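Student: Before we start, here is the structure in question, set down as structure tokens.
No lab work stands behind these numbers, since they all come straight from the coordinates. A quick note: this is a predicted structure, and the numbers were derived from the prediction, not measured. Positions of Cβ are backbone-derived with ideal geometry, glycine not excepted, and every protein chain shown enters the neighbour counts.
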């Protein structure tokens, strides 16, 4: 490609609308242009990168035995009603009607569509196992689209779905896809980590997320320093603490007129934050489905894990209690809540660390006061339930007993699920087994955010001058830059010859023949992240050399033709 015939529109200004580095650099490099909130046009430059990612994904999926098809983006309402997700999926599901008032949605995922395809196409166990994949645009109506293509409403996704006669076959394909994802992200030159994860709204019995490691990542990942244990913090188990110590203090009332947080109370009393207990007031349901007031207790230096909490009985659809509900059950206002002597019976759920505490501090259920020296069994009954309901933190023991936990930030770019029979049962998808009996096939689901990978790669690979693409994702591998070609015809001829030679050798090369000054030309090449830059100039031709610089190098080198070609991998 000759840049004089290509649309490249870069900018020196940092866009005011962009919050994270990938959004800023994609706009500055001219890779994307905003059409509306969460909707972007990919420029020719951006599309080149997107297609490189798509190519790697497609080739590795094909090599793994998956079969590509293409499903519609618009999906009929009745399919989603079969699985109960028409209402359950929530506000992210964009619902539309056609001229006949028939209901449809713009597909955010395709479990229903692929299961409908399978129930009409698959009849016998002899057709299984099979794994169909699809690279298609998806739409999720994000309440607050932000961060450019990182959290856009419309995005490009690879989703695959496998069908199996038994769980053993599903487990084998799950491992195949897990390994395939590792090859995809390795091929794309990304530093990543696979972690155990919650199955969430998709459902299923097993789930792993693949995260590109980056300081800007929205997800916190817990990993062991002594083993290969790794999990998203939302799922990572907090190791059980030791036995509860013996009480040494008496209960006493502490005047805390303006201290409403555990941090402020601990500072006032001159004690460690971990000696305080945070009380979170919730509304759930009892065994009969009636509203139930719940007090969840975690240590003052810990944070309640909403995912873990939501898995407890009666808390599947919990919400925070209102001030009126808090006053009715505890006789207090937020900031001074605690489990001691409530006005009405409440369900108390204590995190395992809290259940193992003695001589701790809680709210007194009275404005302006806390209670210190609190002990289980003496000052308040043992909790109704003890559970792991907190986020793990750096330094916690690894739940497998090997080493301690570290915390890293990650950007989720892939997810694999063992769905089981959730969708095949709901949609009455059956095949005949070897004995002629109709059975529901087990299913797996495997997704990769193709467009999200582009942004995640930038978050991981950039400097003050712009993007630093891994070779496999770069719009071009090499940029041949021509200095003052009008002054010497030999310069243009030499640059053109090198450009043709590299492309003939299957090295994707762009010729910057726009006639820009060196500073502006080099700035563009650094901004758009070309891995290798070769400068052709009068001085270089006279010396028999080319100026070569890798995007990550601090200095350029002067190489003769043979050394340059060897460096670029043509030798």
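Student: Among 94, 79, 39, which comes first, second and so on when ranked by fewest other beta-carbon atoms within 10 Å?
Tutor: Result, fewest neighbours first: 39, 94, 79.
Student: Between residue 425 and residue 6, 0.36 nm times their residue separation minus their Cα-Cα distance comes to what?
Tutor: Once the chain is fully extended between residue 425 and residue 6, it gains 145.7 nm.
Student: Which option, (1) 76, 34, 20; (2) 34, 29, 25; (3) 52, 33, 22, is the value of semi-axes √(5λ) of the Cα gyration tensor in Å that was calculated from these coordinates?
Tutor: The calculated read-out lines up with (3).
Student: Between the range 511-571 and the range 438-494, what is the separation of their alpha carbon centroids in Å?
Tutor: The range 511-571 and the range 438-494 have Cα centres separated by 18 Å.
Student: Per DSSP H run of at least 4 residues, take -39500 (n - 2.57); add these up for the chain, divide by its residues and hand me the 222 nm value, nearest 500 deg cm²/dmol.
Tutor: -7500 deg cm²/dmol
Student: Taking 0.36 nm per residue of separation and subtracting the Cα-Cα distance, what length does fully extending residue 343 through residue 16 add?
Tutor: 112.5 nm
Student: Once the piece of chain linking residue 323 and residue 63 is laid out straight, how much longer is it, given 0.36 nm per residue of separation minus the C-alpha distance between them?
Tutor: Stretched fully, the residue 323-residue 63 segment lengthens by 87.8 nm.
Student: Set the Förster radius R0 to 56 Å, insert the Cβ-Cβ distance between residue 303 and residue 484 as r into 1/(1 + (r/R0)^6), and round the FRET efficiency to 0.05.
Tutor: 0.40
Student: Here's a follow-up. May I ask you to derive the FRET efficiency for residue 143 and residue 100 from their Cβ-Cβ distance with R0 = 41 Å, giving the value to the nearest 0.05?
Tutor: 0.85
Student: Quick one: plug the Kirkwood hydrodynamic radius of the range 298-391 (C-alpha pairs) into Stokes-Einstein at 37 °C, 0.692 mPa s, and report D in µm²/s.
Tutor: Translational D for this selection: 235 µm²/s.
Student: For the range 476-567, list log₁₀ I(q)/I(0) at each q in 0.17, 0.22 Å⁻¹, using the Debye formula over Cα point scatterers of equal strength and ignoring solvent, two decimals each.
Tutor: With one equal scatterer per Cα and no solvent, log10 I(q)/I(0) is -0.65, -1.16.
Student: May I ask you to sort 488, 464 by Cβ crowding, counting other Cβ atoms within 10 Å and putting the fewest first? Before the final figure, lay out each step's value.
Tutor: Working: 488 15, 464 5.
Least crowded to most crowded, the residues run 464, 488.
Student: Let me ask you something else. Sticking with the crude label model, points 7 Å out along Cα→Cβ, report the distance from residue 261 to residue 228 in nm, one decimal please.
Tutor: 4.1
Student: Return 11, 22 ranked ascending by Cβ neighbour count within 10 Å, so the fewest neighbours appear first.
Tutor: 11, 22
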